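Encoded as structure tokens, the structure appears first; notes follow it.
The values are calculated or read from the model by the stated rules, or taken from the named source; none is laboratory data. Please read these numbers as outputs of a predicted model, since none were measured by experiment. Using ideal geometry, Cβ is built from the backbone for each residue, glycine included, and neighbour counts are taken over all protein chains shown.
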Amino acid sequence: MRNNGNGRVQLSGTSRIIVELKEEIQRIARSDAKVLITGESGVGKELVAQAVHGESPRKARPFVAVNCAGLPETLLESELFGHVKGSFTGAYRDKPGKLEMAEQGTIFMDEIGEMTMRMQGLLLRFMETGELQKVGGDRTDGRVDVRVIAATNRNLRDMVVQGTFREVKAVAPEAVKMLTEYSWPGNVRELENVIERCVVTGRNEMIAIDDLPMEVRMHANVGLRPKRERRRTVADDLFKRLLEERESFWSVVYPLYMQREITKGNVRDVVRKGLEEARGNYKIVARLFNMEQRDYKRFLNFLRKHDCQLPFKEYR
């Protein structure tokens, strides 16, 4: 470890283990997936989290750390989500939470295994929706764009068995088979995106075949019966750029439409694909299309103005 001159300690060393760790950090940093770091106390889990943030596209934004073991449940909820004036004794003003303070950056939650089941539920809901509701608030205060990195020195698998930690979603065997047989043209990044989308949009505790993206299911159908390959469309290419290459709707679809290089039908096809992935939830579509929280109403207004908003109920 060494000091980088701005007060932060960085990983350093030339041993095989350190070199492999640095390479793994760089691979993880390139994606925006949530991360769990495990290890005994004192091994440098926060240093690893800082390194992931420092190598990521979010490095210019805040890195906010919270020790989940150092606060009782009520104070931890306020620390993470913030509170409104008068919500409890001593709440003399509205206060933003650490999740809000980490907007567009990274939040590091240490000792996540010490969270109560209720706090685990609140955190899972946030990670699925990105929505914040402050302590004492009667409504959500919008959505934030935050990368979550968590750490623990406990064995979470054992805690799941003991019923003290919420189980993450499992994948049904037939869905695993379909995922295994898919060619993955987008490599590991595409697999990562698919699993994260399934966790966010899945209706049940176990990810089933119906929860998998259409391109994965269509690939399996092609293998079962020979048929003429469907030609890729403009919407297919745009949708791939949105989901696999993580480009924004405003930089990919919007300018092409406004310059009349694509048609209203192309835009509607892209929206249709998004609704299929998001089970009819336009807020999740906005997330899939890599929009910031403040752009949600603008997105809906654009769709309505140009007759591209589709009924969501038929996709649920």
Failed item, numbered, when Glu103 is tested on (1) crowded, with 16+ Cβ neighbours inside 10 Å; (2) of a type outside the set (A, V, I, L, M, F, W, C); (3) out of contact with any Pro (no Cβ under 9 Å at 6 or more places or on another chain); (4) at pLDDT 85 or above: (3)
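Applying the selection to segment 142-163, what residues are under 25 Å from Gly44 (Cβ atoms) and either assigned to a loop (DSSP other than H, G, I, E, B) or in contact (Cβ under 8 Å) with a residue 12 or more places away in the chain (or both)?
Val146, Arg147, Val148, Ile149, Ala150, Ala151, Thr152, Asn153, Arg154, Asn155, Leu156, Met159
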Just checking, which of Arg166, Arg139 is part of a loop (DSSP other than H, G, I, E, B), in contact with a helix residue (DSSP H, G or I) (Cβ under 8 Å, 6 or more places away or on another chain) and either in contact (Cβ under 8 Å) with a residue 40 or more places away in the chain or within 20 Å of Tyr296 (Cβ to Cβ) (or both)? Arg166
Quick check: anything in segment 106-120 loosely packed, with under 15 Cβ neighbours inside 10 Å, out of contact with any Leu (no Cβ under 6 Å at 6 or more places or on another chain) and among the β-branched types (Val, Ile, Thr)? yes
Would you mention how many residues in segment 62-94 are over 19 Å from Thr116 (Cβ atoms), surrounded by 12 or more Cβ atoms within 10 Å (Cβ to Cβ) and touching a Lys or Arg at 6+ places or on another chain (Cβ under 7 Å)? 4
Kindly state which helices (runs of 4 or more DSSP H) lie completely within segment 237-316 and contain at least 2 residues that are touching a Phe, Trp or Tyr at 6+ places or on another chain (Cβ under 7 Å) and within 23 Å of Trp184 (Cα to Cα). 264-278
Looking only at segment 121-150, filter to residues that are closer than 24 Å to Gln50 by Cα and among the β-branched types (Val, Ile, Thr); which one of those is surrounded by the fewest Cβ atoms within 10 Å (Cβ to Cβ)? Val148
From the list Ala91, Ala65, Ala49, Ala102, pick out the single residue that is of a type outside the set (Lys, Arg), closer than 24 Å to Leu191 by Cα and touching a residue at least 12 places away in the same chain (Cβ under 8 Å). Ala49
